[in-house]
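Student: Below: one structure in structure tokens.
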Amino acid sequence: MVTDEEGRPPRYVDKFLAEDVFLDDEYDEAGEDDEDGEYDEDDEAGEERDEPPPRPPSGPQTSVAPRTHPCWSCAADVPSGTSACPECQESVRHLRLISTRPPVHLRHGSCGPLNLGRHPSWAAPAVAAALDGERGVSRRHASIEMAPDGGLWLTEHPAGTMNGTFVNGERVPPGDRVPVADGDTVRLGTYCAFTVLVVEEPPA
Ligand SMILES: [Zn+2]
């Protein structure tokens, strides 16, 4: 019998003379598919397969870390798609209040109302300090909050204000809870106007 260098019959013997000895799926005629439907060059060359062929990289999830973005409040990594920061629990969705007079940029999440006024123990100290020079802004002027359902609400302090509170130019009655939307302008008194922006998630 003809044998190869290792003393075995050549591969064609597998197929036609000794099918009961050799596993049939180790042999393929050139160009013929495996049983699993994949054409394999090793089969054509007639070599033994000690190990399965290496698998190609299977998609981006094995080589790219899950996408995260920094928390707007504490800068911790927040996985994309989550609604709250795992570190500080602040909602990913948050408000930005931007004013050019005074030049103020406030950020606020869903943890209670944001008080706007000049009183340093009613409003947050940084807010009170920023509004301190604004004579048209009362010490306790108005609050804005993002409800758990995502709705935005503005309330002028129930005691009222000297110069009023306005949403897109329309005066808000003291103590009334009025809806606010992304892009609205909230004005405290005559000059101090904030643009309200809702930020869903930083872009990638
Ligand atoms: Zn955070």
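Matching residues to (1) assigned to a strand (DSSP E or B); (2) acidic (Asp, Glu); (3) within 24 Å of the chain's Cα centre (by Cα); (4) assigned by TED's automatic domain parsing to the domain that holds Pro102:
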residue: Met162; (1), (2), (3), (4): no, no, no, yes
residue: Phe166; (1), (2), (3), (4): yes, no, no, yes
residue: Pro173; (1), (2), (3), (4): no, no, no, yes
residue: Asp182; (1), (2), (3), (4): no, yes, yes, yes
residue: Arg187; (1), (2), (3), (4): yes, no, no, yes
residue: Phe194; (1), (2), (3), (4): yes, no, no, yes
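Student: Filter the stretch 101-122 for residues that are in a strand (DSSP E or B) and in contact with a strand residue (DSSP E or B) (Cβ under 8 Å, 6 or more places away or on another chain); which is surrounded by the fewest Cβ atoms within 10 Å (Cβ to Cβ)?
Tutor: His105
Student: When the residues of the stretch 74-93 are filtered to those that are closer than 20 Å to Gly151 by Cβ and more than 12 Å from the chain's Cα centre (by Cα), which remaining residue is farthest from the ligand (Cβ to nearest atom)?
Tutor: Among them, the one singled out is Gln89.
The values are calculated or read from the model by the stated rules, or taken from the named source; none is laboratory data. The shown structure was predicted, so the numbers you read here are calculated from the model rather than taken from an experiment. Note that we place each Cβ from the backbone using ideal geometry, even for glycine, and neighbour counts take in every protein chain shown.
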